[in-house]
Amino acid sequence: MQALWTQFLNVLWNVFNRPTIADILDILIVAFLLYQLLMLTRETRASAVLKGLVMLLLASWVSDLLGLTALNWLLMNVVNNGALVLVILFQPELRKALEQIGRGVIHTSSQTSEMEKSEHIVSELTNCLLTLSRRRVGALIVLEQRIGLKDVIETGTTLNSQISAALLENIFEPNTPLHDGAVVIRGSRIMAAACILTLTENKGVSRELGTRHRAALGVTETTDAITLIVSEETGIISMARGGKLTRHLDRTALEELLSSLYHQKEAGLWQSLMEKTKRRKGGAA
């Protein structure tokens with residue numbers, strides 16, 4: 001135990017008293033490369049294996065410090081031979097990384113991935129709403145913002161699924177178990193379906209609007225959530241925000257709205273939507 005403590009103190013002394021500019025630069029470069037490696041393997045099967053390899057390296061280091069010769073020999077052989085196995089198993093990931101390095105875009109890979117993910121979500125939601133509108137299938141989708149909707153999510157059936165047009169269309173399909181109620185979306189996940197919303201208490205809401213629209217307005221009066229509604233009777237797509245309803249949204253308006261939410265752009269979108277819809281005549285729900 002005393003030898004282990006002595007080695008630990010020596011490591012600390014070397015780290016804090018002997019580093020030169022070259023050492024610091026070396027550490028920064030290695031840290032940057034490790035970070036890029038983690039970004040490349042994030043949310044892939046290689047991520048779990050990489051974590052396992054790190055654990056093996058730590059275990060081999062600890063066994064060496066404790067003087068566990070047999071265990072250290074076994075772990076080091078696994079690590080040394082495992083490098084070749086990793087190259088064979090993760091050949092596609094390594095090829096992708098080398099291609100990105102060759103193109104000089106490794107630093108933008110994570111940003112590009114997030115952008116593509118956001119564009120995919122916008123496309124899936126837009127296509128879903130337009131399809132439901134064309135088929136006259138009623139729908140109510142709540143997009144959670146800064147204020148959490150845990151209490152609303154708990155009233156429905158938990159899904160925690162990726163956003164998919166096919167899944168949403170299936171949820172709102174008439175006479176299915178989850179079609180009656182609201183779907184709550186948090187970021188890129190469908191958190192729950194068949195959720196119960198409190199109806200608006202605003203007496204000035206048109207009597208032409210049904211329960212679905214009143215529920216959509218109700219949740220936006222008490223939170224900063226945004227709701228998207230498809231009328232079962234007319235197929236009109238509407239949006240509720242801050243207790244106000246904007247109707248007759250088309251593909252362009254939907255894409256602008258969703259892009260502003262998922263790309264953090266166009267701060268004046270709400271005003272532009274209001275000005276656009278003021279020129280349109282309201283229809284029956």
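Read the figures in this text as sums done on the coordinates, not as results from a lab. Quick caveat, the model's predicted, so the values are computed rather than measured. Don't worry about glycine lacking a Cβ; one is built from the backbone with ideal geometry, like all the others, and counts go over all protein chains shown.
Here are a few things to note about the model shown:
- Looking at the range 198-230, the GluC sites (Glu not before Pro) that sit in a DSSP loop and have at most 15 other Cβ atoms within 10 Å of their own Cβ are Glu201, Glu208.
- Applying 0.36 nm per residue to the separation of Ile27 and Val78 and subtracting their alpha-carbon distance, the gain on full extension is 15.8 nm.
- Cross-link reach list, aspartates and glutamates versus Lys244, counting only Cα pairs under 17 Å and skipping chain neighbours closer than eight places: Glu144, Glu201, Glu208, Glu221, Asp224, Glu275
- Total formal charge among the other residues, if their Cβ is under 15 angstrom from that of Phe172, Lys/Arg +1 and Asp/Glu -1: -2
- Seen through its C-alpha gyration tensor, with square-root eigenvalues sorted a ≥ b ≥ c, the range 160-269 comes out rounded because a/c lies under 1.5.
- Counting only residues at least eight positions apart within a chain, or on another chain, the aspartates and glutamates with an alpha carbon under 19 Å from that of Lys51 are Glu43, Glu93.
- Shape of the range 107-222, Cα gyration tensor, a/c cut at 1.5: prolate
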